[in-house]
Structures are given as C-alpha cells and as structure tokens.
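Notes to accompany the following structure.
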Amino acid sequence: MSGVNNASIALGIPTLREEQPVLGKRKPTRKIMVGSVPVGGDAPISVQSMTTTKTHDIGATLQQIAELTAAGCDIVRVACPTDKDAEALPIIAKQSRIPVIADIHFQPKYVYAAIKAGCGAVRVNPGNIRKFDDQVAEICKMASDYGVSLRIGVNAGSLDPRLLKKYGKATPEALVESAVWEASLFEENDFHDFKISVKHNDPVTMVQAYRLLSEKGNWPLHLGVTEAGPAFQGTIKSCAAFGVLLAEGIGDTIRVSLSAPPVEEVKVGTKLLEFMGLRPRKLEIVSCPSCGRAQVDVWTLAEKVEEGLKDVKAPLRVAVMGCVVNGPGEAREADLGCASGNGKGQIFVRGKVVETVPEDRIVETVLRYANDMAADMAAEMGEEALANSAPQVMVPSA
C-alpha cells in the first residue's frame, strides 16, 4: 500500500460499528413506484432534487442530471412550461440514469405529454392547472395505461382561491383540505399510484400540515419546505422541519429546496438521512469546535481534511481533533483520526497510534492514510459497493 510507513498496520475494511439507532418507527404508507424507485411502504427514504436548466436544452439538462446522480440523487424533477420542454421529455427520460418527474403547471396538455414521454412520474399542482378537476378521470386512465405515478403538489403560494377565501391564508388546515380533496378525486377513479406534498415556506406551518395529512390516510408523503431560501438559511429550515417529521416516522421522500446549485440540495438531504440513521453512513468527519484548550488551528485542519476527502465514498469515520481533553479518545474511536497539540499530531488507525508528525504534516498524513484505507475497501468490497466510484483523495494545495 502506497505511502504507509508502518507495514504492520492493517488498513482495509474498518470494524463494523453498532447499527445506527433510528429515532422513530416509520408510519405505514402505501408503496408506489416512481420509475424504478419505490416510494413509501418499506422502501428507503429517497432524495430528490430539480434541475435548473431549461429542459429543452437537452445536453445541459442531462449533464446536470448526471451531476445530481453522482451526488446521490435518487429521483430528479424537470420543469415543463413550454411545448419545446415537452418535446424534450422522451429523450431526457430515456437517457437519465434515475427516474425523471415532469413538473407541470397551468397547462394540462403537458400532463398527457409527460405521461406518454416515459417519465417516471408527473407532478401536478391542482391549484393552478386550468380545469384540473374535470380532467382527473382522463389523467388517471392514461397514467394507469402507461404505468406512471403522480404527485399531488399543494403549495402555499398557489393554493386554490376558494380555500384561501375560506381560511384567510394558507393554514395547515387549508393545505390539507386541498390535498385530501384532490386525493379523493383520484381515488374515485380507482387510481392510487400517487404521493402528496403540502409545502409551505414556514417550517412550523409545514410540520403541522404534514402531521395533519398523515392522520388522514396512508398516502406516501413527499416532504419539502418550499422557497426555503439561500443555502445557509434553507438548510437550517429544511433540516429543522424534516428532523421533526422523520423522527415521528412521517415522510417517504424528501427534497431540500435551496437557492443554490441543486447538487447542494442532494448533499444536505443525503447527509440528513445518514445522520438520522435512515440511510447507511458514508464518509463522516468528526472535528471539535475548537476552544481555549486547542493548541492547533483546528478549523483550518478540519477544512483542509474535508476538502481533501470530498470525493470519497467509503464509509470512513475520520476524526480531526485539537483538544487534549477529548482529542485522543475521539481519535481512537474513529476509523482514522488525529489528536493534535504542542505542534504535532498523533495519527490513529482503528484505535492505534501509527505515526506522530509535525503540525504542518498532519493534513497530508491523514489524507494519505485515508486514501489507502479507501482504496483497500474498494478492492475488498468492490467498486459498486462504494457507490460505483473509485475513492480518490486529493491533497489540497497549500
């Protein structure tokens, strides 16, 4: 193994840690299929995002879908506001490696076009599709014939005017009444392959709406805080709302809506599920927040290690510590760790000190060991087991 000073230290697959506890038992829901991905029932909670490209720009859209897929996205949604976008759907749906959902507003003709195009599902917003209720029967028949599922997407910003007049604003009760009414129209036509979302930009209102909706039936639920905001604010709002609901067993698929590149949405969503015990953990970096006891620049060390490991898919826990109180213990518990102080760092591999290096060599040494461990895991477990990606750790430039 390249770069390892102590040949007696076995790297390879880390000892399996205890199974991650789950905060709450999943609420039973009906399982549907979004293309090849199951949603609801006993299916894993899936992560979604939406492309920001013009859908009729087929090359740019497929490129962004590929980037989302590589980041861990399970299902992708594309906008379909024009005839040109609808015409592009068959190619995009066929060439995407993950199921494609067509996002339809205003024009019901695009619902039919998306179903015929081979999309995995179609998102419809009954509140702003013209004469939607009158076309439910025809939509149900075509969706059934083509094996396409639907999402009833109720949003605070486009709620049926009748409900806004009744409730005065988009309250949880208004959102749920809209969703339940539309669900009943599909069920009257013996169509049950749909999931529901009741999104709001306020996390508290959103949580209340999903709690109410989950009590009304066993529909699979798509969680989302709509218009959550820029990356920092939107991440906090989404994680706060999702954390509450997922801990209560509510939610079958999620989208973190951020004013940021869509890959960032996927990163947040996947890590949230990992840390809640709802998805197997991949790379995890444990680092101390720093304090007056720290004898090294922990912030810089942690940032450089994080940057160097950003493309690693191996399920490693790496600890970057700068405190003499908790550092050695945390470093020993991790698969790979460093405990820093007094201008040097001790490097731990599975609980054993393998090297002591000067402070200015800590990052490169940690990355060297991480690279070897990830490579060994890829060789022993197989590439597909590590997210179809050969781990490559890049040492950041000074």
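The values are calculated or read from the model by the stated rules, or taken from the named source; none is laboratory data. Here the structure is a predicted model, which is why all the values come from computation and not from measurement. Here Cβ is always computed from backbone atoms with ideal geometry, including for glycine, and neighbour counts include all displayed protein chains. These area figures cover heavy atoms from the full protein model, side chains too; ligands, DNA and RNA do not enter into them. Shrake-Rupley method; radii C 1.70, N 1.55, O 1.52, S 1.80 Å.
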Next on the checklist: Would you confirm, using the coordinates I've provided, whether Ala86 is in contact with a helix residue (DSSP H, G or I) (Cβ under 6 Å, 6 or more places away or on another chain) and under 25 Å from Glu138 (Cα atoms)?
Outcome noted: yes
Next on the checklist: I want to confirm something. Restricting to region 180-199 and keeping residues that are modelled with pLDDT of 95 or more and closer than 20 Å to Phe242 by Cβ, which single residue is surrounded by the most Cβ atoms within 10 Å (Cβ to Cβ)?
Outcome noted: Val198
Checklist entry - Could you say which residue among Gly229, Gly157 is surrounded by fewer than 23 Cβ atoms within 10 Å (Cβ to Cβ) and in contact (Cβ under 8 Å) with a residue 60 or more places away in the chain? => result Gly157
Checklist entry - Which residue pairs have Cβ atoms closer than 7 Å, lie 6 or more positions apart in sequence or on different chains, and pair a first residue in region 24-50 that is within 23 Å of Phe275 (Cα to Cα) with a second residue that is assigned to a strand (DSSP E or B) and of a type in the set (S, T, N, Q)? => result Val37/Ser46; Val39/Ser46; Val39/Thr253; Ile45/Thr253; Ser46/Thr253; Gln48/Thr253
Next on the checklist: Residues that are within 23 Å of Tyr210 (Cα to Cα), in contact with a Pro (Cβ under 9 Å, 6 or more places away or on another chain) and aromatic (Phe, Trp, Tyr): does region 180-192 have at least one?
Outcome noted: yes
Next on the checklist: If Leu150 meets every condition in (1) in a helix (DSSP H, G or I); (2) within 23 Å of Val225 (Cβ to Cβ) apart from one, which number is that one?
Outcome noted: (1)
Item to check | Selection count where residues are buried (at least 22 other Cβ atoms within 10 Å of the Cβ) and out of contact with any Gly (no Cβ under 9 Å at 6 or more places or on another chain), scope region 201-222 | outcome: 3
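Conditions (1) surrounded by 23 or more Cβ atoms within 10 Å (Cβ to Cβ); (2) more than 22 Å from Glu227 (Cβ to Cβ); (3) in the same structural domain as Glu227 (by the TED database), marked per residue:
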residue	(1), (2), (3)
Val100	yes, yes, yes
Glu138	no, yes, yes
Lys141	no, yes, yes
Gly168	no, no, yes
Next on the checklist: Pairs needed: first member in region 64-77, in the same structural domain as Ala121 (by the TED database); second member anywhere, modelled with pLDDT under 95 and aliphatic (A, V, I, L, M); C-beta distance under 8 Å; at least 6 residues apart or different chains.
Outcome noted: Gly72/Ala387
Next on the checklist: Return the residues of region 209-231 that are more than 19 Å from Ile45 (Cβ to Cβ) and touching a Leu at 6+ places or on another chain (Cβ under 9 Å); say none if nothing qualifies.
Outcome noted: Leu212, Gly229, Pro230, Ala231
Item to check | Filter result for the condition that a residue is open to solvent by 20 Å² or more (accessible area, probe 1.4 Å), of a type outside the set (Asp, Glu) and either under 19 Å from Tyr369 (Cβ atoms) or touching a residue at least 12 places away in the same chain (Cβ under 8 Å) (or both), over Gly269, Gly308, Gly343 | outcome: Gly343
Checklist entry - From the set of residues in region 232-262 that are in a helix (DSSP H, G or I) and not hydrophobic (A, V, I, L, M, F, W, C), which is most open to solvent (accessible area, probe 1.4 Å)? => result Gln233
Item to check | Residues satisfying the stated conditions in region 185-208, i.e. assigned to a strand (DSSP E or B) and without any contact (Cβ under 8 Å) to a residue 60 or more places away in the chain | outcome: Ile196, Ser197, Val198, Lys199, His200
Next on the checklist: With the structure loaded, tell me whether Tyr146 is among the hydroxyl-bearing types (Ser, Thr, Tyr) and surrounded by 20 or more Cβ atoms within 10 Å (Cβ to Cβ) or whether it fails that test.
Outcome noted: no
